[in-house]
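In what follows, a structure is listed as structure tokens, so that the remarks can point back to it.
The values are calculated or read from the model by the stated rules, or taken from the named source; none is laboratory data. Please read these numbers as outputs of a predicted model, since none were measured by experiment. Cβ sites come from the backbone with ideal geometry, for glycine too, and all protein chains shown count toward neighbours. For accessibility, only protein heavy atoms count, side chains too; no ligands or nucleic acids. Shrake-Rupley method; radii C 1.70, N 1.55, O 1.52, S 1.80 Å.
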Amino acid sequence: MLLSIESSCDDSAIAITEIKTAKLILHKKISQEIKHAKYGGVVPELASRLHAVDLPKLLEGAKEYFPKIKAVAVTNEPGLAVTLNEGVMMAKAFSTFQKLPLVPVHHLKGHIYSLFIQKPVILPLLAVLISGGHTMVVRVKGLEDMEILATSMDDSVGESFDKVAKMMGLGYPGGPIVEALARDGDANRFELPIPLRNSPLIAFSLSGLKNAVRLKIEALGGAKEISEQDRRDLSASFQKAIIAHLSQKIKKILAKDRISNVALVGGASANLALRGAFENLCKEYDKTLLTAPLEYCSDNAAMIGRYAIEALKAGLTCSSQDIEVVANRKLKAGMRL
Ligand code: KG4
Ligand code: ZN
């Protein structure tokens, strides 16, 4: 069995996966969302201290599997350095003490492999990754063969949902809140700009859209003055604009790329309106859409374990002295993940 650990942001998570069959035996997560909600976003120092308390608690709960664990995997990049460190230190201690191989896992590759939890791997595919930290399209051909085709020039999709919720005086994370409000809103009430609409660039940009929402809120008298119906209509109009933007840019990729499997992954891929739009898009271009079950969209250790099983088979392990924590490096189109 393989123990996997995730602590790149505000979720402490561990999972146990059977190495031979990739069967998920256990996965547990303690989310810190409530603790960060009053600050409207993740406070790194607080997150780090909470991981230091919660990760050992989770590990304690997996005690019965310890004798069967043959490898340890941990997210080592990208994320918040102070929170990644908590998971990496625990993985190092465990693997050193038990003399086990250590598998470093790139968090974004983990999101992509969330598609294959309890399932065989299907490659190649075009992965549209929309999370709190990243927005990108990746051509995935293998474990270590992932090429970034497009990225966001500023905010990520998840982040823009979080910021819009915050501007309306609502909690964190904003994605599920805005999605729920949008369900009962009029998406045509507010005219919002579709980012990069007339640009030939295959890239994403969300900060202009976020600012346009801010101006609408101000015009309505500010966060304290807006009505519940204003919030619903703003949410629906904002979500519609994001969907139009993502669809417009991704269409350009789908029209050219021969890969028949398209995947939507990352925390924001839990958004059902977005999923619906991607279903239609894939139908239009004769592609098959792959998504992960909702419980595996946001950060978890099961996806880290799923990637690690394949990495372990490919010999992609390292020693506990060599594992490096890489917080955030700028990822651009043309680069490899
Ligand atoms: O993948 P994830 O758990 O963490 C990162 O790796 O960043 O993604 C978290 C992000 C948050 O910004 C959250 O607001 C967003 O995913 N999110 C959503 C939805 N559920 C979570 N965004 C839009 N609609 C949702 N239903
Ligand atoms: Zn994530």
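Taking only region 311-329 into account, find how many residues are assigned to a loop (DSSP other than H, G, I, E, B) and either open to solvent by less than 100 Å² (accessible area, probe 1.4 Å) or more than 21 Å from Thr83 (Cβ to Cβ) (or both).
Just the residues of region 311-329 that are assigned to a loop (DSSP other than H, G, I, E, B), to begin with: 314-317, 319-329.
Of the ones still in play, those that are also either open to solvent by less than 100 Å² (accessible area, probe 1.4 Å) or more than 21 Å from Thr83 (Cβ to Cβ) (or both) are 314-317, 319-321, 323, 325-327.
Of the residues in that region, 11 qualify.
Restricting region 296-310 to residues that are open to solvent by 20 Å² or more (accessible area, probe 1.4 Å) and not in a helix (DSSP H, G or I), which is farthest from Ala93 (Cα to Cα)?
Ser298
Does region 77-86 contain at least one residue that is in a helix (DSSP H, G or I) and of a type in the set (Asp, Glu)?
Here is the first cut: in region 77-86, the ones in a helix (DSSP H, G or I) are 81-86.
Add one more test, that the residue is of a type in the set (Asp, Glu), and what stays is 86.
Yes - at least one qualifying residue is present in region 77-86.
Each row is one residue, and each column tells you yes or no for (1) touching a Leu at 6+ places or on another chain (Cβ under 7 Å); (2) modelled with pLDDT under 95; (3) open to solvent by 100 Å² or more (accessible area, probe 1.4 Å); (4) part of a helix (DSSP H, G or I).
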{"position": "Lys35", "(1), (2), (3), (4)": "yes, yes, yes, yes"}
{"position": "Gly40", "(1), (2), (3), (4)": "no, yes, no, no"}
{"position": "Ala47", "(1), (2), (3), (4)": "yes, no, no, yes"}
{"position": "Phe66", "(1), (2), (3), (4)": "no, no, no, yes"}
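Inspect all residues belonging to region 3-22 and state whether any of them is surrounded by 14 or more Cβ atoms within 10 Å (Cβ to Cβ) and more than 22 Å from the chain's Cα centre (by Cα). If you could, list the steps in order and put the result at the bottom.
Initial filter on region 3-22 (surrounded by 14 or more Cβ atoms within 10 Å (Cβ to Cβ)): 3-19, 22.
Imposing the further condition that a residue be more than 22 Å from the chain's Cα centre (by Cα) reduces the set to 18-19.
Yes, region 3-22 contains at least one residue that is surrounded by 14 or more Cβ atoms within 10 Å (Cβ to Cβ) and more than 22 Å from the chain's Cα centre (by Cα).
Tell me the strands (runs of 3 or more DSSP E) entirely within region 107-202 that contain at least 3 residues that are open to solvent by 20 Å² or more (accessible area, probe 1.4 Å) and either within 16 Å of ligand 2 (Cβ to nearest atom) or modelled with pLDDT of 95 or more (or both). Outline the logic, then answer.
Working: elements: 125-130, 135-142, 145-151.
Passing ranges, in order: 145-151.
Determine which member of the set Glu45, Glu18, Glu64, Glu77 is under 30 Å from Val164 (Cβ atoms) and away from ligand 1 (no atom under 16 Å from the Cβ). Show your work before the answer.
Numbers: Glu18 fails: under 30 Å from Val164 (Cβ atoms); Glu64 fails: under 30 Å from Val164 (Cβ atoms); Glu77 fails: away from ligand 1 (no atom under 16 Å from the Cβ).
When all the criteria are applied, what remains is Glu45.
Using the structure shown, decide if Met167 is within 16 Å of ligand 1 (Cβ to nearest atom) and in contact with a helix residue (DSSP H, G or I) (Cβ under 6 Å, 6 or more places away or on another chain). Reasoning before the result, please.
Values: within 16 Å of ligand 1 (Cβ to nearest atom): yes; in contact with a helix residue (DSSP H, G or I) (Cβ under 6 Å, 6 or more places away or on another chain): yes.
The answer is yes for Met167.
How many residues, within region 84-103, are over 20 Å from Pro67 (Cα atoms) and over 23 Å from the mean Cα position of the chain (by Cα)?
Number satisfying all stated conditions: 0.
Can you pull out every residue in region 262-289 that is away from ligand 1 (no atom under 15 Å from the Cβ) and either open to solvent by 30 Å² or more (accessible area, probe 1.4 Å) or more than 23 Å from His106 (Cβ to Cβ) (or both)?
Kept after step one, since they are away from ligand 1 (no atom under 15 Å from the Cβ), are these residues of region 262-289: 262, 279-289.
Hits for region 262-289 are Glu279, Asn280, Leu281, Cys282, Lys283, Glu284, Tyr285, Asp286, Lys287, Thr288, Leu289.
Asp230: surrounded by fewer than 21 Cβ atoms within 10 Å (Cβ to Cβ) and under 21 Å from Leu123 (Cβ atoms), yes or no?
Details: surrounded by fewer than 21 Cβ atoms within 10 Å (Cβ to Cβ): yes; under 21 Å from Leu123 (Cβ atoms): no.
Criteria not met by Asp230.
Given (1) charged (D, E, K, R); (2) within 23 Å of the chain's Cα centre (by Cα); (3) in a helix (DSSP H, G or I), where does Lys57 come up short, assuming only one miss?
Condition (2) is where Lys57 drops out.
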